[in-house]
Amino acid sequence: MTDQLYQDLKRAIIEMDPAAAQTTARKILDEGAEPIAIINKGIRPGLDAMGERYTSGEAFLPELMLAAQAAEAAVAVIEPELLRLGAQRPSQARVLLATVKGDIHDIGKNIVALLLKSAGFEVIDVGVDKDGAIILKKAEEGRADIIGLSAVLTTTMPRMKELIDILVESGNRERYKVIIGGAPVTQAFADQIGADGYGPDAARAVELVRKLMSR
Ligand code: B1M
């Protein structure tokens, strides 16, 4: 039954139907599914399918935007459940999150933020299209322990290295752990730029933050 519902959720995103995406996500949640399964089995496959349609010329930018809105409607259903879990846990550390300069994709970053909050971490979300200087300023103001960067475009991945350079040049490299993620990012890239870790998905980003904070 639930597998069919995941297919329905994927289809609602491909069909750019926020109402159907919301109703289906609610049904899946009511069946007792974990919020993370709704992301991994419904929302992400729906957006990946839209990405493939965009690449093959079957869909264009307006369709991508509408599919993103349908995905966001489904995320909104699981958000209260995740935040409720987080409210029961004492704050363990502060994580600043940003999508790097030149990149306005934020669905993945927002999911990482939600899962971190649900795990009891404090999140300072500074939004999208942020350069290294602003990110460092916000990290200082918010007294962040970890800086988490998201990049979904291959062309904006170099901005992650720029932040690390800024931290080194300003004498702040030891002050902050830096973690990175986003669809084109890899562990090899994280190693290459000297990041402290890479999260392939939101759940593993939370594990990574836990590991870094326990050291
Ligand atoms: Co864009 N887009 N887009 N887009 N878009 C992609 C990324 C693309 C792969 C589509 C394609 O061609 N197949 C392609 C990039 C190609 C490339 O870089 N080589 C692309 C392009 C080209 C563009 C534009 C340039 C199109 C144009 O204008 N001609 C433009 C760029 C705008 C800009 O940023 N400057 C653009 C615009 C948009 C929309 C605005 C329409 C919309 C974004 C809306 C929004 O984010 N609010 C959009 C969308 C929706 C997509 C796709 C379809 C979906 C992205 C997404 O949300 N995925 C995408 C195709 C695809 O990904 N298959 C595509 C779901 C999300 C949950 O996954 O972000 O990977 P993801 O996050 C995951 C993990 O990666 C990880 O956890 C998340 C959850 O598990 N993670 C982290 C993410 N951040 C992390 C940080 C961490 C740790 C883990 O630590 C800090």
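The values are calculated or read from the model by the stated rules, or taken from the named source; none is laboratory data. Everything quoted here is computed from the prediction, not taken from an experiment. Cβ atoms come from the backbone with ideal geometry, glycine included; neighbour counts cover every protein chain shown. Ligands, DNA and RNA are stripped out before the accessible areas are found, and what is left, the full protein with its side chains, is counted by its heavy atoms. Shrake-Rupley method; radii C 1.70, N 1.55, O 1.52, S 1.80 Å.
Some values worked out for this structure:
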read-out	value
Criterion: within 16 Å of the chain's Cα centre (by Cα) and either of a type in the set (Gly, Ala, Ser) or within 21 Å of Asp201 (Cα to Cα) (or both) - qualifying residue of Ala74, Ala25, Ala19	Ala74
Residue count, the stretch 100-136 (criterion: aliphatic (A, V, I, L, M), part of a helix (DSSP H, G or I) and over 23 Å from Leu47 (Cα atoms))	4
Those residues of the stretch 37-57 which are open to solvent by less than 60 Å² (accessible area, probe 1.4 Å) and assigned to a helix (DSSP H, G or I), in sequence order	Ala37, Ile38, Ile39, Gly42, Ile43, Pro45, Gly46, Leu47, Ala49, Met50, Gly51
Candidate set: the stretch 157-209, residues that are more than 16 Å from the chain's Cα centre (by Cα) and more than 23 Å from Lys137 (Cβ to Cβ); chosen: the one nearest to the ligand (Cβ to nearest atom)	Ala190
Selected residue [acidic (Asp, Glu) and surrounded by fewer than 16 Cβ atoms within 10 Å (Cβ to Cβ)] from Glu72, Glu34	Glu34
Breaking point among (1) farther than 16 Å from Ala93 by Cα; (2) without any contact (Cβ under 8 Å) to a residue 24 or more places away in the chain, for Val152	(2)
Among the residues listed as Leu5, Leu85, the single one being in contact (Cβ under 8 Å) with a residue 24 or more places away in the chain and open to solvent by 50 Å² or more (accessible area, probe 1.4 Å)	Leu85
